[in-house]
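Below you'll find the structure, written out as structure tokens, and then a few comments.
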């Protein structure tokens, strides 16, 4: 993910600098050097942003996994439904006071 963000931002910066230089009618050497500088800078920036995004996603995934596993452990430690005669009668709506 970090490399993708790096490449996307680097190429975007390169293209924007090239177009901006062409619109400003700068010399080709100036356009190319500034475009390469922008690409290099934004590649570094993209790498940092991508690394941070990976870290956030990984941390969120880990918390969700712990949450799910914690919930499944709680349900597996429950003794299960009470199948005594009293609970079956109360579930069926039968009162024990009926004679």
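Laboratory data are not the source of any read-out in this text; all were calculated from the coordinates shown. Note that the coordinates shown come from a computational prediction; the quantities given were computed from them, not determined experimentally. In this analysis, Cβ positions are derived from the backbone assuming ideal geometry, glycine residues included, and neighbour counts consider all displayed protein chains.
Data table
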quantity	calculated
Cα convex hull of segment 2-74 - mean projected area over all directions, nm²	5.2 nm²
Linear extension gain, residue 71 paired with residue 49, 0.36 nm per residue minus alpha-carbon span	4.6 nm
Label point at residue 11 placed 7 Å out along Cα→Cβ; residues across segment 45-59 whose backbone nitrogen lies under 16 Å	46-47
